[in-house]
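Participant: Following this message is one structure expressed as structure tokens.
Read the figures in this text as sums done on the coordinates, not as results from a lab. Keep in mind the model is a prediction, meaning the values are calculated, not measured. With ideal geometry, Cβ positions are generated from the backbone for all residues, glycine too; neighbour counts draw on all protein chains shown.
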Amino acid sequence: MKLTVLGAVALPIVAAHSVQERHNFARQNAAAAPASSSVASVAASSAVASSAAASGSVVASGSAVASSAAATFSSLPTVSWSLLSTNPTAVPISDLVPGTLTTQPQLGASTTFAPGTQPTVISNAPPLPNWQTLSPASYPTLDRAPPTDSPEVQQWIKEVNASGIAIPNLAPTQPGGCAANPQFAADQSRCWWTCGGCVRDSDISDCPDPYTWGLTYDDGPALYTPNLLNYLDQNDLKSTFFAVGSRVISYPALLQEEYMAGHQIAVHTWSHPAMTTVSTEGIIAELGWSKKVIKDVLGVTPLYWRPPYGDIDDRVRAISKAMGLEPIMWTRISPTATFDTGDFNVAGGTTSASQVLQNWQNIMGNVSTLGHGFIVLEHDLFAQTVDIATGYILPDALAFTPKLDIKPVISCLNKPMSDAYLETNDNSSNPLPTASSVNPTFSSGQTGSAQATGNTSGNTATNQSGAVAVGVSSSLFMAGVSFVAFFAGLAVLL
Ligand SMILES: [Zn+2]
């Protein structure tokens, strides 16, 4: 069957985060009907958290202030921002109205590659498969948790069991993040990133070299990804794209374009659940199908992945390791402050575009004090997230002094692009995961710091220069972003 690309467009955009969101939506609605008051409630909570995280941040005067955006969602705070540079053709911030799905002219895929085309970026890569022979019927339903009784998943379960990597006997968490799981949140031995930021040595949260930015975009490929690719190409920038398996079915030509242009492709699950809530067999299905569809479209299998919402613990780590995937997170400078722009929440209405730019400004305020490079959470799923990236964040980063070295995460780790994929990795610089155990550490911890000691009290991180890091409490983030995603999807349906 020939894949009809356009026919599959609408649903995927709706449902990148659908499963958990519907649960959360139901929960929110039960607590506060009608739906509109739920929106206000969630938005207000998020605004409080954002304000707390940003308080104390001194913003240069004379900066643009977005007020029209906040007028739609009056509970959102009006914030100011000041960037070193913006794109002259940027969509005005006042046009990026929270709670709406902005539409922009969409660029089509710039290049369509003939089946069998030999990639040039990686010398030993296999030729490109023919994506037009892909049959969606051969894959699980888009944006739904894949069934675990299929022959494919049963085979992957056998392979995990045969890997020699022990899967810890940890119960899945309940949806709702830390607040819904106080016992698990307090259990340091679980090393649950969501609640306090515990990482293992195998987690990649930073780039080793100072002033190096491991550029990443999540949740695509999607409608506006070509707009982002066009900007990256114009500025000779390469990124890591964490692709949702269901999106790959919908936009296989876009995934090929990313790969052939020299961007790194990595796994972001099939249906985008919070992975600690999923059964072991379910996790195997999510990762297995995502690896398979990317291999079917590109001819190579990613060796890296990012857990949706950063939701990973030792059980999820072990399963992904047994499936040949290393986790890439984003930089965290305290148990509760991470380098998350919050761009995803603009479409859902809980964050203003101005707030995203202030978040970005705060991130940049911390870059010089890290002592190493960094990774930031951004998305290419919605028009707003791409507009903010190409109109504001990337131009500002390009104007930063000293000059930032912006590259895919695999490159910021000083590894060749061939190390990003199973078929091209020669094991010389990137040995595949082993069963060796590691001790928990806290990301980016300075001696005596909260990160290093694991003291998770306090909600605000202040660096040496007094700038305050961005980020909201994990539990709020988990509940908020889930509901927001559902609301965004609902807006598309309407
Ligand atoms: Zn995601």
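Participant: Quick one: which of 335-341, 419-425 comes out on top by average Cβ neighbours within 10 Å, and what's the full order, highest first?
Facilitator: Ranked from most to least packed, the peptides come out as 335-341, 419-425.
Participant: Next up: How do the peptides 170-179, 406-415 rank, highest first, by the average count of neighbouring beta carbon atoms within 10 Å per residue?
Facilitator: The peptides rank, most packed first, as 406-415, 170-179.
Participant: Right, something else. Taking 8 Å as the Cα distance limit and 6 or more residues as the minimum spacing, I'd like the relative contact order of the stretch 260-374 as a percentage.
Facilitator: Relative contact order for the stretch 260-374 comes out at 20 percent.
Participant: Then there's this: For the stretch 313-443, list log₁₀ I(q)/I(0) at each q in 0.13 Å⁻¹, using the Debye formula over Cα point scatterers of equal strength and ignoring solvent, two decimals each.
Facilitator: -0.71
Participant: Shifting gears a bit: Listed here are the pairs Lys291/Lys415; Lys295/Lys403; Lys291/Lys321; Lys158/Lys407; Lys158/Lys295; Lys158/Lys415; which of them are more than 25 Å apart at the Cα?
Facilitator: In this structure, Lys295/Lys403; Lys158/Lys407; Lys158/Lys415 exceed 25 Å between Cα atoms.
Participant: Along the stretch 227-238, what does the Karplus equation 6.51 cos²θ - 1.76 cosθ + 1.60 (θ = phi - 60°) give for ³J(HN,Hα), rounded to whole Hz, x for Gly and Pro?
Facilitator: Each residue's phi maps through the Karplus curve to give 5, 5, 4, 4, 5, 4, 5, 4, 10, 6, 10, 10 Hz.
Participant: What's the FRET efficiency of Gln154 with Thr133 using the Cβ-Cβ distance as r and R₀ = 30 Å, to the nearest 0.05?
Facilitator: 0.75
Participant: What is the distance, in nm, between label points placed 7 Å from the Cα along the Cα-to-Cβ direction at Thr120 and at Leu422?
Facilitator: My value for the distance between the label points is 2.9 nm.
Participant: Would you please give the residues with an amide H less than 5 Å from that of Thr240, counting only those at least 5 places away or on a separate chain, with H modeled from the backbone geometry?
Facilitator: For Thr240, whose amide H was placed from the backbone, the distant partners under 5 Å are Leu215, Thr216, Tyr217, Gln264, Val409.
Participant: In terms of modelled amide H atoms, which long-range or inter-chain residues lie less than 5 Å from the amide H of Asp405?
Facilitator: HN-HN under 5 Å from Asp405: Thr212, Trp213.
Participant: Compute the length gained on full extension between Ser368 and Ser429: take 0.36 nm times their separation in residues and subtract their Cα-Cα distance, giving the result in nm to one decimal.
Facilitator: Stretched out fully, the Ser368 to Ser429 stretch lengthens by 19.1 nm.
Participant: Please list, in chain and number order, the residues 5+ apart from Glu326 or on another chain whose amide H is under 5 Å from its amide H, with Hs placed from the backbone.
Facilitator: Here Tyr304, Trp305 satisfy the definition.
Participant: Now, a different point. Report the full-extension gain for the segment Ala186 to Ser202: residue separation times 0.36 nm, less the Cα-Cα distance, to one decimal in nm.
Facilitator: Roughly 3.6 nm would be gained on extension.
Participant: Please list 260-269, 227-236, 243-252 highest first by mean number of surrounding beta-carbon atoms within 10 Å per residue.
Facilitator: Sorting 260-269, 227-236, 243-252 by mean packing, highest first, produces 243-252, 260-269, 227-236.
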